[in-house]
2 protein chains.
Amino acid sequence: MDAVIPTTSVSAGSRSEAADLRTKGAPLSPGGPVGAPAFLLLVLIVASTAGAEDGYDLWLRYPPVSDAALLRDYRERLSEVRVEGGSETLRAAREELQRGLRGLLGDAGARPGEVSRGGLLVAGTPEGSPAAAAPELAEDLRRAGAEGFVIRSTAIGDRPAIVVAANADVGVLYGTFHFLRLLQAHRRLEDLAVVEAPRTRYRVLNHWDNLDRTVERGYAGFSLWDWHKLPDYLSPRYRDYARANASIGINGTVLTSVNADATSLTPPYLAKAAALADVFRPWGIRVYLTARFSAPIEIGGLETADPRVGEVAAWWKRKADEIYGLIPDFGGFVVKANSEGQPGPQDYGRTHAEGANMLADAVSPHGGVVMWRAFVYSNEVPVDRAKQARDEFTPLDGAFRQNVLVQVKNGPIDFQPREPFHPLFGALPRTPLMMELQITQEYLGFATHLVFLAPMWEEVLRADTFARGEGSTVAKVIDGSLHGHERTGFAGVANTGTDRNWCGSAFACANWFAFGRVAWDPGLGSGEIADTWLRATFTNDPGFVGPVKEMMLGSWEAAVDYMTPLGLHHLMARGHHYGPGPWVSGGEREDWTSVYYHRADREGIGFDRSPSGSDAVSQYFPPLRELLGSVETVPEKYLLWFHHVRWDHRMESGRTLWDELVVRYSRGVETVRRMRETWRSLEGKIDSGRYEQVRAFLAIQEKEARWWRDACLLYFQTFSGRPIPEGYEPPEHTLEHYRAVRHPYAPGI
Amino acid sequence: MDAVIPTTSVSAGSRSEAADLRTKGAPLSPGGPVGAPAFLLLVLIVASTAGAEDGYDLWLRYPPVSDAALLRDYRERLSEVRVEGGSETLRAAREELQRGLRGLLGDAGARPGEVSRGGLLVAGTPEGSPAAAAPELAEDLRRAGAEGFVIRSTAIGDRPAIVVAANADVGVLYGTFHFLRLLQAHRRLEDLAVVEAPRTRYRVLNHWDNLDRTVERGYAGFSLWDWHKLPDYLSPRYRDYARANASIGINGTVLTSVNADATSLTPPYLAKAAALADVFRPWGIRVYLTARFSAPIEIGGLETADPRVGEVAAWWKRKADEIYGLIPDFGGFVVKANSEGQPGPQDYGRTHAEGANMLADAVSPHGGVVMWRAFVYSNEVPVDRAKQARDEFTPLDGAFRQNVLVQVKNGPIDFQPREPFHPLFGALPRTPLMMELQITQEYLGFATHLVFLAPMWEEVLRADTFARGEGSTVAKVIDGSLHGHERTGFAGVANTGTDRNWCGSAFACANWFAFGRVAWDPGLGSGEIADTWLRATFTNDPGFVGPVKEMMLGSWEAAVDYMTPLGLHHLMARGHHYGPGPWVSGGEREDWTSVYYHRADREGIGFDRSPSGSDAVSQYFPPLRELLGSVETVPEKYLLWFHHVRWDHRMESGRTLWDELVVRYSRGVETVRRMRETWRSLEGKIDSGRYEQVRAFLAIQEKEARWWRDACLLYFQTFSGRPIPEGYEPPEHTLEHYRAVRHPYAPGI
């Protein structure tokens, strides 16, 4: 039996029109292996067995529009669909429209290519589509730029029409997804006048995927790339991955881990990467690879990887030529060098710029770029690790080739639950800086904690660097407007894996979605992103969207509270980073321990980065450095990040620091409890498959939030010597219990 | 939107009755969140997006019966379904019938519990069901035993009826699956008189799954057990796993690898195992764990694991009590000891029996067993590894406790493409021997080679050991009839993983299915198993079943031909065992090399195990030892297993050994080419999802079959010095090319 669904007609009204339900019996795939009667039964079966909602469809679900009037309106306006042009990208757009409209409207609504007398949807570029070439769209199209699109309600002849126009095929694809999102959210179509252009140019996922399919900091199973079967077998999942990314504007993917393996640059692996690139290309996704700096030695047979040695540069040039021979639109290299033991130019006394430029010269003739990570710290433990990147890179400003982007994490340490923005933002006016965000929740509870990250990213992007006076937000650094850069971008450390629902949990997928939207438009609000995602992923039911959006928007602050409130950071267990480990000390290097960061003692707690301490505050522009540098003016959310503060310090609340710490930790747990209650109240509003998983995960989150709270408070209490204030839940176990917890097989390492 | 399918009525005829197609509009889930109209559309969507056939449903697909007359007959006979009794196991049976009949017949056919006037299906045990207690079933039920079942066409009152009866609930469940398989295969129901009882008692899967979710010799992704989220989160896949196993009679699962990790016996991991046991229990599946012999030291704080030390035995007893406190029906321990570096009793100068008995005494009060593996070889390289197990275990016959089963691989080396049966079979009359089969294709092309293993298992089971004279087949040793054992069983090294289709490919799942059927009835023929599986998995279309069955039945012999014909063995690449490595030599131990096994030289090739060589033939009973011991009488399929033979030796075909080798290798490749042609001719007969994957995998298989052939012939040619005979395809590359191939990240290690 063939489960491909023949184009059958189903007309259906709203619930109040139940009596109208009928299927038209005309067999629409005559000669096919499955006659119409068998077909309908078959569908029932498929749906009842394999088809239960399991999250695989992400935000690309197209359930039928339930509002009868709206459905009628949609059907009238979309009685015919034309995607004009023949490229693979336009075919992808056409098929997505077909899939989406068949789902949302039932097939009666729209069949691409079919002639009708109702409204019309036309999509295309001015080159291929007369509608898109209409003079009245020209100005909007100019604003849409290379990758953007225009969606306009208009008329063609005497028929009402909606035009999705773009300058390039990929813009049409983006516009198609945008349009379908409008329908998913049940938006009215009569007055559409959308012009969208991405505010950054390189919007890439960074996969920390190893060639053995383990994923560093991966909590959704294993790597999507089945390297062993590539290039001969192309899993359908590769296409679905590309489709999901394209739907949110992501245009690049770094297949391999920043802790790179030179094997990925050998011919067999390049053939595998090329096969993936072929699958991704129609969706506007370019492939990038990580470059291990010592590859010329490991796979090139050279004795050095010194960038000043001519044969090293020549080797990289040949390697780049080889790659572009296989992947003509190869994006370029991402490099982690001289950081956490990775090889790099400093091994030969050269600078990061010298290393980056050698690679940049290799890919430059082909239009490629190098994304050079600023997450560096030397093997000697510094006075303050937070300062190292800026100290190392500031002198190099202006020394990088034009096709180098320096990739900077949002904060100066390492994707902690909350960090102040990285002091490099604004500090390298002559160097394009990409922002690296971590979508995967290494420090935020793995996949089982519901933590919506858009508010964190929003906080960082809206922060003011004061680099060119007030209003010099981080977002303006990243979108290039502050210093006039055209090469701009975001890198997101992916949270995808082999789990059926892609990211381990439905809500983890919201962070993938949010990353794409933020990279497209760093000015988008978290609430808007959550709203769009919820409607596309679950339902438009306001009784669901409202409370769940609220839950999402408060979830990051809750996690900060139950893990690292008031500017605390790096308190997690060693290695796998699963659960609390504020007592972690000793070992390989001091700045991999918790005690290095919290510095709790009988007096107080916190890392003194004020002028009396490491003076990391001086890395920020005035007046921010003064604001952060004083206990009196620093925002309390960053208090212990920048200051060592006495336990009896009076907080804004009037409480002592110790009491406030208890209050914050407890508040985090309470918020999770409320999230559980909210979710419980929503049973039946969505499918049971996804509902049940979230229910189970929220229970885990509450358990682990308490674990964090109890372990941290008991441990810090050994310094403060103060009691848990009245009315706050006492710890469940002893400190010894928490210190003895072991998780030898926590995922992601 | 809720994708759970409400019980709706769909009547449908055959293709010729297309005009009859209609859906009845009555909303059958009033008050539910989804009204009937929305429902139908929803189904279309679910099916069109997530529901494409991807193999997840295995052989538990229930597509509508396409033959109109048969469908009418089925509906009449099954107009009412009653599963009588309230246990969780019976609920599972009821739900399976519901799912199966709704699929096969459309809902009109049967709704459990609904009163009707047509035929009746009743299922239950004599205790809970009057129909099952009918005196005329008593004799059959006696024959069905503890786990078997009876299916009988009969009458209840004036209504025709079918009774599925069993002595235990799990028998009803097995009978239910059996009955549904009859419907899947479109069998007539008027004269059912089935009595089935499993011929072995312990039918278990052995998962070589590590706690980090890697799977030793796993080619279907990673471990199904998401240990990190257990016990808090129970993936729905655990239930589907249990259901699939129950459907083929498997009643136990060893969760952890034989290369055991003592961590799996610590309290957190026991809680996780208990959670899985709770999911599996209704499906009649017991959980087993592997026991690392040195666990008392590693997690028990003892200084020794010597079985003669009282506190060691006491530790195991306490550990067993702890486990049974959590898992009352815990199956017992599986142990790999003193083999490939694993700890064991010999570390303390004790015998395998002493070690096994200590564990057996620990689980015995709770009804548990110990499965002690005979796959042992010491750290010193023996003269002939094939001989070691029998040499070690024969003196121990009769020394094991009653609840110990010695688990013996089908052949004396290690799951090679073809081996003669293990000489331990028949040689330990006082010891119950389980047979260990490898379902996962470690040596048979991983998941991408279509190799149906039932014929291999059939060859071994039908082999005559002559232990008690002619007719003393291996099957009779295993089912206990030869030596009067009641504890009998099969262990199958699982090939399941996180891949959506469970086993990496649709056809790999046939081996899982076959293992269950063979363990239930070692006398089943491979053709019958293939036939049943194909109908349940794909279609009853004779144009598909016929050619594909033929393809399956010839596939094992083809793999033997292109990998290791004429008794060759152990020629694979080192470590991962992916692809040919006949040149493998040196390294840690000689008996892990290829040259140790093939012993090719200028004179000839093969391992001399005749009396003039290692005399391994003497481990077989007469007259077999004489038959195998002479080049003149040994079956050619085992020629080079037992003899070192000159290149110019005349074969039955009249060809020289060298020419015959070329012919066999080439024949293997040719068979795969024909398999590809067959598959190509079947396009459209099944869904495109599974069709395309098999198509791609067969292309890989052909490529790799040629790789095997070319590499082996080129290599052996360096010894024989003879040419490839006229008319045979010359090797594609040079020997140097093949020797240089590296696969550092081949899966399964």
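Using bins of 10 Å that start at zero, the share of Cα-Cα pairs per bin across the stretch B:113-239 amounts to 12, 31, 23, 19, 13, 2, in whole %.
Taking a point 7 Å from the Cα of B:ARG574 along the Cα-to-Cβ direction, the residues of the stretch B:584-619 with backbone N closer than 17 Å to it are B:584-599. How many percent of the accessible area of the stretch B:661-746 is carbon or sulfur, using a 1.4 Å probe? The value for the stretch B:661-746 is 49 percent carbon and sulfur by accessible area. At q = 0.06, 0.08 Å⁻¹ the log10 of I(q)/I(0) for the protein assembly as shown amounts to -0.64, -1.16, computed by Debye summation with a single uniform scatterer per C-alpha, solvent ignored. With each label modelled as a point 7 angstrom along the Cα→C-beta vector, the A:GLU528-A:ARG722 pair spans 4.2 nm. On a per residue basis, the protein assembly as shown carries 33 Å² of accessible surface, using protein heavy atoms and a 1.4 Å probe. For the segment B:673-684, counting C-beta atoms of other chains within 10 Å of every residue's C-beta and taking the mean gives 0. Packing order of peptides A:138-144, B:75-81, highest average first: B:75-81, A:138-144 (average count of other Cβ atoms within 10 Å over each peptide's residues). Work out which residues of the stretch A:724-746 lose at minimum 30 square angstrom of accessible surface when the other protein chains are put back, relative to the chain isolated, with a 1.4 angstrom probe, and list them by number. Going by heavy-atom accessible area, the residues of the stretch A:724-746 that drop by at least 30 Å² are A:TYR745. Panel note: contact residues of the stretch A:49-93 (accessible area lowered by at least 40 Å² against the chain on its own; 1.4 Å probe) correspond to A:THR49, A:ALA50, A:GLY51, A:ASP57, A:PRO64.
The same position B:SER585 in the other copies lies at 5.9 nm from this copy, comparing label points 7 Å beyond Cα toward the beta-carbon, shortest first.
Of the three principal axes defined by the Cα atoms of the stretch A:201-345, the extents in descending order read 43, 32, 32 Å. Note on chain A: antiparallel DSSP beta bridges, both residues inside, total approximately 30 percent of the bridges counted.
Using only Cα atoms, what Kirkwood radius does the stretch A:426-549 have, in angstroms?
That comes to 15.5 Å for the stretch A:426-549.
Can you give me the angle between helix A:688-720 and the longest principal axis of chain A, using Cα atoms only, in degrees from 0 to 90, rounded to the nearest 10? Tilt relative to chain A: about 10 degrees.
Each Lys and Arg Cβ is given +1 and each Asp and Glu Cβ -1; about its Cα centre, chain A then shows a dipole of about 920 debye. Interface between chains B and A: roughly 7000 Å² of accessible area buried, both sides summed (probe 1.4 Å, protein heavy atoms only).
Relative to the Cα centre, the charge distribution of the stretch B:355-440, modelled as +1 at Lys and Arg Cβ and -1 at Asp and Glu Cβ, gives a dipole magnitude of about 160 debye. Rounded to the nearest 10 degrees, the angle from helix A:506-520 to the longest Cα principal axis of chain A is 90 degrees.
A Förster distance of 60 Å, applied to the separation of the beta-carbon atoms of A:ALA271 and B:ASP158, puts the FRET efficiency at 0.25.
Peptides B:505-518, B:170-183, ordered by how many other C-beta atoms sit within 10 Å of their residues on average, highest first, read B:505-518, B:170-183.
What is the mean number of Cβ atoms from other protein chains located within 10 Å of the Cβ atom of each residue in peptide B:520-527, rounded to a whole number?
Across the residues of B:520-527, the mean count of other-chain Cβ atoms within 10 Å is 0.
For the stretch B:232-266, a drop of 40 Å² or more in accessible area on going from the chain alone to the assembled protein chains (1.4 Å probe) is found at B:ASP232, B:TYR233. Helix A:169-184 against the longest principal axis of chain A: what's the angle in degrees, Cα atoms only, rounded to the nearest 10? So the inclination is approximately 90 degrees. Suppose the Debye formula is applied to equal point scatterers at every Cα of the stretch A:306-427; what is log10 I(q)/I(0) at q = 0.18, 0.23 Å⁻¹? Results for the stretch A:306-427 at q = 0.18, 0.23 Å⁻¹ read -0.96, -1.34. In loop segments of the stretch B:650-749 as defined by DSSP, the GluC sites (Glu not before Pro) with at most 11 further C-beta atoms inside 10 Å of their C-beta are B:GLU652, B:GLU683, B:GLU726. A viscosity of 0.890 mPa s and a temperature of 25 °C, combined with the Kirkwood radius over Cα pairs in Stokes-Einstein, give a translational diffusion coefficient for chain A of 89 µm²/s. Applying 1/(1 + (r/R0)^6) with r as the Cβ-Cβ distance of A:ARG401 and A:GLU303 and R0 = 25 angstrom yields a FRET efficiency of 0.45. Here the stretch A:85-215 has 47 percent of its accessible surface on carbon and sulfur atoms, given a 1.4 Å probe and all protein chains in place. Ranking of B:ARG102, A:ARG646, A:ARG82 by solvent-accessible surface, largest first: A:ARG646, A:ARG82, B:ARG102 (1.4 Å probe, protein heavy atoms only, all chains present).
From helices alone, chain A scores -11500 deg cm²/dmol at 222 nm; the rule is -39500 (n - 2.57) for each run of n ≥ 4 DSSP H residues, then divide by the residue total. What you get for the protein assembly as shown, charging only the Cβ of Lys and Arg (+1) and of Asp and Glu (-1), is a dipole of about 1680 debye around the Cα centre. Ignoring lysines fewer than eight residues from B:LYS685 along the same chain, the ones with Cα atoms less than 27 angstrom from its Cα are A:LYS24, A:LYS229, B:LYS549, B:LYS703. Note on the stretch A:358-495: the alpha carbon radius of gyration divided by the globular reference 2.2 N^0.38 Å gives 1.07. Annotation for B:GLU216 and B:ALA138: the two label points, set 7 Å from Cα along the Cα-Cβ direction, are 5.2 nm apart.
The values are calculated or read from the model by the stated rules, or taken from the named source; none is laboratory data. Predicted model, so just to flag it, every value in this text is computed and none were measured. Cβ sites come from the backbone with ideal geometry, for glycine too, and all protein chains shown count toward neighbours. Accessible surface is based on the protein model in full, side chains and every heavy atom, while ligands, DNA and RNA are left aside. Shrake-Rupley method; radii C 1.70, N 1.55, O 1.52, S 1.80 Å.
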